[in-house]
Amino acid sequence: MIEPCSFPLNDKSLKRAALDYGSLSHLTRHDSWETFLKAPERVDGRLLLFTTKGATPFHRFSFEPGDTLLFGNESRGAPEEVHAAAHGRIVIPIRPEARSMNLATTAAMALGEALRQTGGFPEAG
């Protein structure tokens, strides 16, 4: 998570959102875009921005291991410095009369496609 976050990011909201899966997740908070870019784990991989201004539909984009998927605010999108730093701008096509999609839905679709392409899903057991 890169601050400032546009929704409540406190223990109560995280527990509600994570349901029974919170213990399986790892959340790193960065207090700014600059802090995120300087983080040690940010050294490798492409920055991919999901945006309504994207050029490539997500189902036609070739994801690679190490890619970092970025999502902006639902109503305002991502700041210009995020657009400028992105190695790719990706769109999830929606009907022309719709403005944008819900952030959680967009992130789930994007992550699912990236994991499918890169073999990142765990094997069914």
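The values are calculated or read from the model by the stated rules, or taken from the named source; none is laboratory data. Just so it is clear, the model here is predicted, and its values are computed rather than measured. Here the Cβ positions follow ideal geometry from the backbone for every residue, glycine too, while neighbour counts run over all protein chains shown.
Evaluate the following for Phe71: is it in contact with a Ser or Thr (Cβ under 7 Å, 6 or more places away or on another chain), among the aromatic types (Phe, Trp, Tyr), in contact (Cβ under 8 Å) with a residue 60 or more places away in the chain and surrounded by 11 or more Cβ atoms within 10 Å (Cβ to Cβ)?
On the way: in contact with a Ser or Thr (Cβ under 7 Å, 6 or more places away or on another chain): yes; among the aromatic types (Phe, Trp, Tyr): yes; in contact (Cβ under 8 Å) with a residue 60 or more places away in the chain: no; surrounded by 11 or more Cβ atoms within 10 Å (Cβ to Cβ): yes.
Taking the combined requirement at face value, the residue does not satisfy it.
The residues of the stretch 106-125 that are under 10 Å from Pro65 (Cβ atoms) and of a type in the set (Ser, Thr, Tyr) amount to a single one, Thr118. None of Arg89, Arg99, Arg95, Arg76 is basic (Lys, Arg), under 20 Å from Phe36 (Cβ atoms) and loosely packed, with under 12 Cβ neighbours inside 10 Å except Arg76.
Taking Glu81 as the residue in question, decide whether it is in contact (Cβ under 8 Å) with a residue 24 or more places away in the chain, surrounded by fewer than 12 Cβ atoms within 10 Å (Cβ to Cβ) and under 20 Å from Met1 (Cβ atoms). I'd like the intermediate steps shown before the answer.
Values: in contact (Cβ under 8 Å) with a residue 24 or more places away in the chain: yes; surrounded by fewer than 12 Cβ atoms within 10 Å (Cβ to Cβ): yes; under 20 Å from Met1 (Cβ atoms): yes.
For Glu81, the condition - in contact (Cβ under 8 Å) with a residue 24 or more places away in the chain, surrounded by fewer than 12 Cβ atoms within 10 Å (Cβ to Cβ) and under 20 Å from Met1 (Cβ atoms) - is met.
Would you say Phe36 is part of a loop (DSSP other than H, G, I, E, B) and at pLDDT 90 or above? No: the conditions fail for Phe36.
Does Ala124 fit the bill of being in a loop (DSSP other than H, G, I, E, B) and without any contact (Cβ under 8 Å) to a residue 40 or more places away in the chain?
Numbers: in a loop (DSSP other than H, G, I, E, B): yes; without any contact (Cβ under 8 Å) to a residue 40 or more places away in the chain: yes.
Yes.
Checked against the criterion of being exposed (fewer than 13 other Cβ atoms within 10 Å of the Cβ), modelled with pLDDT of 95 or more, in the same structural domain as Gly112 (by TED's automatic domain parsing) and in contact with a Pro (Cβ under 6 Å, 6 or more places away or on another chain), the stretch 55-63 has at least one qualifying residue. In the stretch 96-113, the residues that are under 12 Å from Leu48 (Cβ atoms) and outside the structural domain of Leu70 (by TED's automatic domain parsing) never reach a residue that is surrounded by 13 or more Cβ atoms within 10 Å (Cβ to Cβ) and among the acidic types (Asp, Glu) with C-beta atoms less than 8 angstrom apart, at least six apart or across chains.
Could you check, for the stretch 79-92, whether at least one of its residues is at pLDDT below 90 and part of a loop (DSSP other than H, G, I, E, B)? No, there is no match, as no residue in the stretch 79-92 is at pLDDT below 90 and part of a loop (DSSP other than H, G, I, E, B). Can you find a residue that is out of contact with any strand residue (DSSP E or B) (no Cβ under 9 Å at 6 or more places or on another chain) and not small (Gly, Ala, Ser) anywhere in the stretch 83-93? Checked against the condition, which is being out of contact with any strand residue (DSSP E or B) (no Cβ under 9 Å at 6 or more places or on another chain) and not small (Gly, Ala, Ser), the stretch 83-93 yields no hits at all.
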